[in-house]
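See below for the structure under consideration.
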Amino acid sequence: MAQDPDDDPTPGDTEAELWQALQDLETLGQEDPSAALAMFAELPDALQSIGDFQLVRASLLRSSGDLPAAAGVLEALLDADPEDSDAHHLLGDVLEESSDFGRALPHFLETLRLDTLASKERLPTELEEELDATLEHLQHVVEELPGVWRARLQGVPLLVQPLPTEDMVRGGLDPRALGLFEGPTHMDTEGFDQAPVPTRIVLFAENLALDFPEADDFREQVRVTVLHELGHYFGLDEDDMVRLGLD
């Protein structure tokens, strides 16, 4: 019996199926990394060998606590493609969790270098729109704060820039961080006419837009990031952030 040509998979169908398989792995991995790894092992070898699938495998190994195996997968990926920025970033995370900060830093710096190169290939108007949208959402969040909070923010610069700087990354900041609080907290500066060092809050527009491409998700994440960094300024720790849903 002849096969209907309409039943043949098209490149678009194949790509959609691959994307769905990746999504299924990542979704299951958030709930049960071990089950997701078992699901990965059942995939055809041809799928398992694809770089994006190997990256997800490394992430699942990391989530399951097998940091050496995750590092091994990522090192193999980078041997095949030394300019895979996602592999560099994840390997930096894995090494940092392994307390190997000396080996993590070069991978974080390479992530920043590659992300900066990718940024330069984009249209200037697109970048300006991201910066403007981030600043607009930031200002809206601040406008909605209680009056006493807004008063305490007087003199604290709230800034937007595309990506972290190299100095920030060398100082320990994740190159794909969404925001940064820098300087003394409000409690540290109470009673002083001027803080001994300046305080500032920075949002990184390109990292936000990359992680949250949908407009509503982007707007919400700007809100969460602003409140997270303000929480640092007002003296909240990371446990407080998690409890308040600002992690």
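The values are calculated or read from the model by the stated rules, or taken from the named source; none is laboratory data. The structure presented is a predicted model; accordingly, all values stated were derived computationally and were not measured. Positions of Cβ are backbone-derived with ideal geometry, glycine not excepted, and every protein chain shown enters the neighbour counts.
Within the stretch 46-69, can you find the residues that are among the polar types (S, T, N, Q) and farther than 16 Å from Glu31 by Cβ? Hits for the stretch 46-69 are Gln48, Ser49, Gln54. Restricting the search to helices (runs of 4 or more DSSP H) fully inside the stretch 34-112 and requiring at least 3 residues that are within 21 Å of Pro175 (Cβ to Cβ) and either in contact (Cβ under 8 Å) with a residue 24 or more places away in the chain or not aliphatic (A, V, I, L, M) (or both) gives 51-63, 67-80, 85-97.
Of everything in the stretch 163-194 that is hydrophobic (A, V, I, L, M, F, W, C) and at pLDDT below 95, the residue that is farthest from Phe234 (Cα to Cα) is Phe192. Of the residues Val224, Val156, the single one that is surrounded by 14 or more Cβ atoms within 10 Å (Cβ to Cβ) and at pLDDT 85 or above is Val224.
Within the stretch 98-117, the residues that satisfy the criterion of being surrounded by fewer than 18 Cβ atoms within 10 Å (Cβ to Cβ) and under 16 Å from the mean Cα position of the chain (by Cα) are Leu109, Arg113, Thr116.
Taking the stretch 156-186 as the range and being over 16 Å from Arg223 (Cα atoms), in contact (Cβ under 8 Å) with a residue 40 or more places away in the chain and not polar (S, T, N, Q) as the test, the residues that pass are Val156, Pro157, Pro162, Leu163, Pro164, Glu166, Val169, Arg170, Asp174, Pro175, Arg176, His186.
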